[in-house]
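The values are calculated or read from the model by the stated rules, or taken from the named source; none is laboratory data. Note that the structure is predicted; figures quoted are calculated from it, not measured. All Cβ positions, glycine included, derive from the backbone under ideal geometry; neighbour counts span all protein chains shown.
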Amino acid sequence: MLNSGIAGSYISYLLKAKTRYGIHSPFMYDFVTQILNDKSTYEEYKQIDEVVRQCKRSEKTIEIIDFGADSGNEPFKKRFRKISDIAASSGISKKMGRLLFRLVRYYQTENILELGTSLGISTMYLALANPEAKVTTVEGCENTAELAKRNFGAVGINNIESVTGNFRYVLSNTIKTIPRLDFAFIDGDHREKSTFEYFETCLKKVHNNTIMVFDDIYWSRGMTRAWKKIKKHQSVSVSIDLFRIGIVFFRKELSKEDFVLRAF
Ligand SMILES: C[S@@+](CC[C@H](N)C(=O)[O-])C[C@H]1O[C@@H](n2cnc3c(N)ncnc32)[C@H](O)[C@@H]1O
């Protein structure tokens, strides 16, 4: 159930959200018709669905480090969790995972960074969308990262590099290894300050065609403020609010505009 803060944000989103009929910009029209509303059933979806099914069925328990935004500061607590629970609560939804897949596929982005691997479900969508891409994914919990690597192996994906460590300590070095950042998916440590700092660190490798996607933009008041700051940033031209996720583009040929769209 939505808490009252999120419910309020959702109502305001619904009131502002446009469908494709309210869109006049050719770039956005393309985005809506070619990506957002693309209902094709890509073969790769089936491979991911099977991994998700197996994770959701797994009764196995692992010890995880709880990096949750509401888990306080370091040292982070450890606790045991069932793999099925991790898959159900942390894994990206089918709708959003498939949208990430279509974004990468359509724009053919190559150098991809993900913050927050968990079991690697979103990572697989990103990696399978463009086999020529290299996906660098960062996860703080070693046991979870190991499971994700097993999932990548099960699907035979070999364009993913896993980095294990706290984003706070490993991101600045990780970003140096990426020649140019074509796509970033930020899906962990949902705090206002951290989210904005990760955005700023990524800016070092951003170019005109970079796409950045933020998950859970209305998860808390802090995340809502972080999203507002990100879309207002001078380097961002177009921002797209799909309520669950926010997408920003840096294309200088587009005038600065904030679109609130009905996701599906
Ligand atoms: C929501 S889950 C990611 C889900 C994944 N992207 C997917 O959709 O399948 C967030 C993950 O980020 C990790 N995480 C959160 N804060 C972190 C931090 N500061 N450093 C490293 N990992 C962190 C958590 O351990 C968790 O596995």
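Can you tell which of TYR169, TYR218 is aromatic (Phe, Trp, Tyr), more than 14 Å from the ligand (Cβ to nearest atom) and at pLDDT 95 or above? Let's see the steps before the verdict.
On the way: TYR169 fails: more than 14 Å from the ligand (Cβ to nearest atom).
That would be TYR218, the only listed residue that is aromatic (Phe, Trp, Tyr), more than 14 Å from the ligand (Cβ to nearest atom) and at pLDDT 95 or above.
Can you name every residue in the stretch 159-196 that is of a type in the set (Phe, Trp, Tyr), surrounded by 22 or more Cβ atoms within 10 Å (Cβ to Cβ) and either out of contact with any Leu (no Cβ under 6 Å at 6 or more places or on another chain) or in a loop (DSSP other than H, G, I, E, B) (or both)? Before the answer, list the steps.
So the first thing to find is which residues in the stretch 159-196 are of a type in the set (Phe, Trp, Tyr), and the list is 167, 169, 183, 185, 196.
So of that shortlist, the ones also surrounded by 22 or more Cβ atoms within 10 Å (Cβ to Cβ) come out as 167, 183, 185.
The answer is PHE183, PHE185.
Just the residues that are more than 9 Å from the ligand (Cβ to nearest atom) and not charged (D, E, K, R), please, taken from the stretch 182-197.
Result: PHE183, ALA184, ILE186, THR195, PHE196.
Can you confirm whether the stretch 22-37 contains a residue that is among the β-branched types (Val, Ile, Thr) and within 15 Å of the ligand (Cβ to nearest atom)? Break it down stepwise before answering.
First, the residues of the stretch 22-37 that are among the β-branched types (Val, Ile, Thr): 23, 32-33, 35.
Subsequent filtering for residues that are within 15 Å of the ligand (Cβ to nearest atom) retains none.
No: the stretch 22-37 contains no residue that is among the β-branched types (Val, Ile, Thr) and within 15 Å of the ligand (Cβ to nearest atom).
Among the residues of the stretch 72-92, is there at least one that is modelled with pLDDT under 95 and on the phi > 0 side of the Ramachandran plot?
Yes, there is a match, as at least one residue in the stretch 72-92 is modelled with pLDDT under 95 and on the phi > 0 side of the Ramachandran plot.
Applying the selection to the stretch 35-45, what residues are over 10 Å from ARG105 (Cβ atoms) and either touching a strand residue (DSSP E or B) at 6+ places or on another chain (Cβ under 6 Å) or part of a helix (DSSP H, G or I) (or both)?
Answer for the stretch 35-45, where residues must be over 10 Å from ARG105 (Cβ atoms) and either touching a strand residue (DSSP E or B) at 6+ places or on another chain (Cβ under 6 Å) or part of a helix (DSSP H, G or I) (or both): LEU36, GLU43, TYR45.
Kindly establish whether THR137 is of a type in the set (Val, Ile, Thr), within 17 Å of ILE83 (Cβ to Cβ) and crowded, with 21+ Cβ neighbours inside 10 Å.
On the way: of a type in the set (Val, Ile, Thr): yes; within 17 Å of ILE83 (Cβ to Cβ): no; crowded, with 21+ Cβ neighbours inside 10 Å: yes.
So THR137 does not fit the description; no.
Select from the stretch 72-120 the residues that are of a type in the set (Ser, Thr, Tyr) and within 12 Å of the ligand (Cβ to nearest atom) and write down the one among them that is farthest from GLU192 (Cα to Cα).
Step one: filter the stretch 72-120 for residues of a type in the set (Ser, Thr, Tyr), giving 84, 89-90, 93, 106-107, 109, 117-118.
In the following step, the residues that additionally are within 12 Å of the ligand (Cβ to nearest atom) were identified as 89-90, 93, 117-118.
Numbers: SER89: 21, SER90: 19, SER93: 23, THR117: 20, SER118: 20 Å.
It comes out as SER93.
Among the residues of the stretch 50-63, are any away from the ligand (no atom under 16 Å from the Cβ), more than 16 Å from the chain's Cα centre (by Cα), surrounded by fewer than 16 Cβ atoms within 10 Å (Cβ to Cβ) and assigned to a helix (DSSP H, G or I)?
Initial filter on the stretch 50-63 (away from the ligand (no atom under 16 Å from the Cβ)): 57, 59-60.
Filter again for more than 16 Å from the chain's Cα centre (by Cα), leaving 57, 59-60.
Of the ones still in play, those that are also surrounded by fewer than 16 Cβ atoms within 10 Å (Cβ to Cβ) are 57, 59-60.
With the extra rule that they be assigned to a helix (DSSP H, G or I), the set shrinks to 57.
Checking the stretch 50-63: at least one residue is away from the ligand (no atom under 16 Å from the Cβ), more than 16 Å from the chain's Cα centre (by Cα), surrounded by fewer than 16 Cβ atoms within 10 Å (Cβ to Cβ) and assigned to a helix (DSSP H, G or I).
Limited to the stretch 133-158, what total is found for residues that are assigned to a helix (DSSP H, G or I) and either away from the ligand (no atom under 13 Å from the Cβ) or closer than 16 Å to GLY188 by Cβ (or both)?
Of the residues in the stretch 133-158, the ones assigned to a helix (DSSP H, G or I) are 142-155.
Cutting the leftovers down to either away from the ligand (no atom under 13 Å from the Cβ) or closer than 16 Å to GLY188 by Cβ (or both) gives us 142-145, 147-150, 153-155.
So the answer is 11.
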